[in-house]
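Step one of this worksheet: look at the structure below.
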Amino acid sequence: MSGESFFDTTVLIYAIARNDPRAAAAEELLANGGTVSIQVLNEFVAVARRKLRMPWEEVVEALAAIRVLCAAPVAMTIDTHDAALGIAQRYGFHIYDSLIVAAAIEAGCTTLYSEDLQHGQTIESVTIRNPFRGGKVRRPLNLRKPAPPQ
């Protein structure tokens, strides 16, 4: 998987967001493929259900689309956990952000797309990029079903 992109949860959330200017950029990233972790998938489910109030059927469909577009998810292991502890201590990150960075490193990725971490910062072999900084608007992929007419 070396050289691939790794996606933080926000990329997945924006890819399914309706009427969000970041959606097109997120969808384009996903269309080009990359890697996620099991943690990212779980966070996606939590946000999609709680904040976006998506029905389970739509959540499962979105996850299926993500799993087609992305490489096999990186599993959480004790090694990932230990690496994340070191990252949290060294860089002062929250443990959950550190777990995402550790998974990206473990997967051999060189770019971590995240809105939540410092753009341009390099941690070991991974450089963090905020794909939403420029506000580019592109044609959406439609990973989420359109809203029913009201």
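Worth a mention:
- Pair residue 79, residue 116: separation of 7 Å Cα→Cβ label points (nm): 2.4
- Paramagnetic label zone (point 7 Å from Cα along Cα-to-C-beta, residue 32; backbone N under 17 Å) in the stretch 85-115: 109-115
- Within the stretch 70-138: Cβ-based charge dipole about Cα centre, in debye rounded to nearest 20 (Lys, Arg +1; Asp, Glu -1): 440
- Each Lys and Arg Cβ is given +1 and each Asp and Glu Cβ -1; about its Cα centre, the chain then shows a dipole of about 680 debye.
- Listed values (i) 15.5; (ii) 17.3; (iii) 16.0, entry calculated as Kirkwood radius over Cα pairs in Å: (i)
- Between 0 and 90°, nearest 10: helix 38-50 axis offset from the chain longest Cα axis: 40
- With Cα atoms, 0 to 90° folded angle of helix 56-69 axis to the chain main axis: 60
- Rounded tilt (10° steps) of 95-106 against the dominant C-alpha axis of the chain: 80
- Among the trypsin sites (Lys or Arg not before Pro) in the stretch 25-55, those located in a DSSP loop and surrounded by at most 15 other Cβ atoms within 10 Å of their own Cβ are 51, 53.
- Where both bridge residues fall in the chain, DSSP classifies roughly 20% of the beta bridges as antiparallel.
- For the stretch 31-74, size of Cβ-based charge dipole, Lys and Arg +1, Asp and Glu -1, in debye: 160
- Computed [θ] at 222 nm, helices only, for the chain once each DSSP H run of length n ≥ 4 contributes -39500 (n - 2.57): -14500 deg cm²/dmol
- Model label sites at residue 124 and residue 63, defined 7 Å from Cα along the beta-carbon direction, differ in position by 2.7 nm.
All of the numbers you see were taken from the coordinates with simple rules; none came from a lab. As the structure is a computational prediction, the values presented were derived from the model and not from experiment. Cβ: placed from backbone, ideal geometry, glycine included. Neighbour counts: every protein chain shown.
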